[in-house]
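Notes to accompany the following structure.
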Amino acid sequence: GENVGLHLPTLSVQEGDNSIINCAYSNSASDYFIWYKQESGKGPQFIIDIRSNMDKRQGQRVTVLLNKTVKHLSLQIAATQPGDSAVYFCAENFGGSNYKLTFGKGTLLTVNP
Amino acid sequence: NAGVTQTPKFQVLKTGQSMTLQCAQDMNHNSMYWYRQDPGMGLRLIYYSASEGTTDKGEVPNGYNVSRLNKREFSLRLESAAPSQTSVYFCASTRDSPANTGELFFGEGSRLTVL
């Protein structure tokens, strides 16, 4: 099985609401965790990352939270917009310097106008 | 600045045929990767190359070969295509450590169908 998984395969929200996408991981030795966004027909695009020695990191309209006690990662998107509709993947790296990421299966976020 | 460029974008093969997926990056990255993406499976690493002249197996290398032609180019070859290799293939590259934050730069993907 995969080390990285998602609690919710699909998420539908109203425009302007906040979105929370969750991810569980099993490898406590992972160095850091990354969130990617993949729009239909395109390659994944980096959103934000967080190192294992951090609990929270904020970007533009996005916040990633890491709870190492329960091995849980979440991505919060503030004021969700139609352009946020995509599949979101979490990924973990425990491969040292070669950045061999292990990806989760993804969550489809749909933003309703 | 094109980033990561993959060719072809679409390809249909018959079982047993061979083909090569091409990938080139213009960001002067040392590390390059090939992933495959299947429905419900996320992305799985096939092969990667930490630097010019080196390649290593990833999670699902069987049925594939790779060549790191130079720093810019990393190709993926299917010698005898099988229906199980029907997938979307992504090439990616990363900056060198210590600047690397885990950000992979992906190409647009190559959709391969094996009949």
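Within region A:64-113, take every residue that is of a type in the set (S, T, N, Q) and open to solvent by less than 20 Å² (accessible area, probe 1.4 Å) and give me the one that is farthest from the other protein chains (Cβ to nearest Cβ). The selected residue is A:T80.
Residues checked against (1) of a type in the set (K, R); (2) surrounded by fewer than 16 Cβ atoms within 10 Å (Cβ to Cβ):
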{"position": "B:K9", "(1), (2)": "yes, yes"}
{"position": "B:V12", "(1), (2)": "no, yes"}
{"position": "B:D38", "(1), (2)": "no, yes"}
{"position": "B:R72", "(1), (2)": "yes, no"}
{"position": "B:S84", "(1), (2)": "no, yes"}
{"position": "B:S87", "(1), (2)": "no, no"}
{"position": "B:F90", "(1), (2)": "no, no"}
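It is to be established whether one or more residues within region B:50-60 are under 25 Å from A:W35 (Cβ atoms) and touching a helix residue (DSSP H, G or I) at 6+ places or on another chain (Cβ under 9 Å). Yes, that holds for at least one residue.
Taken over region A:74-88, the residue count meeting the criterion of being assigned to a loop (DSSP other than H, G, I, E, B) and in contact with a strand residue (DSSP E or B) (Cβ under 6 Å, 6 or more places away or on another chain) is 2.
Restricting region B:94-115 to residues that are among the β-branched types (V, I, T) and more than 9 Å from chain A (Cβ to nearest Cβ), the residue that is surrounded by the fewest Cβ atoms within 10 Å (Cβ to Cβ) is B:T113. Answer yes if at least one residue in region B:34-45 is in contact (Cβ under 8 Å) with a residue 60 or more places away in the chain, in contact with a Cys (Cβ under 6 Å, 6 or more places away or on another chain) and in a strand (DSSP E or B), and no otherwise. No, region B:34-45 has no match at all. Number of residues in region B:36-57 that are at negative phi and more than 8 Å from every other protein chain (Cβ to nearest Cβ) equals 12. Of the residues making up region B:58-93, those that are within 10 Å of chain A (Cβ to nearest Cβ) and free of Cβ contacts under 8 Å to residues at least 60 places away in the same chain number 3.
Within region B:15-33, the set of residues being of a type in the set (A, V, I, L, M, F, W, C) and assigned to a loop (DSSP other than H, G, I, E, B) comprises just one member, B:M27. Take the conditions under 19 Å from B:Q85 (Cβ atoms), modelled with pLDDT of 95 or more and either buried (at least 20 other Cβ atoms within 10 Å of the Cβ) or among the aromatic types (F, W, Y) (or both) and apply them to B:L21. Does it pass? Yes; evaluated as a whole, the condition is true for this residue. Go through region A:33-46 and give me each residue that's more than 16 Å from B:G107 (Cβ to Cβ) and surrounded by fewer than 21 Cβ atoms within 10 Å (Cβ to Cβ). Within region A:33-46, none qualify.
The values are calculated or read from the model by the stated rules, or taken from the named source; none is laboratory data. Given the structure is predicted, the values throughout are model-derived calculations rather than measurements. A quick note on method: Cβ atoms are made from the backbone with ideal geometry, for glycine too, and the neighbour counts reach across all protein chains shown. SASA here: full protein model, heavy atoms, side chains in, ligands and nucleic acids out. Shrake-Rupley method; radii C 1.70, N 1.55, O 1.52, S 1.80 Å.
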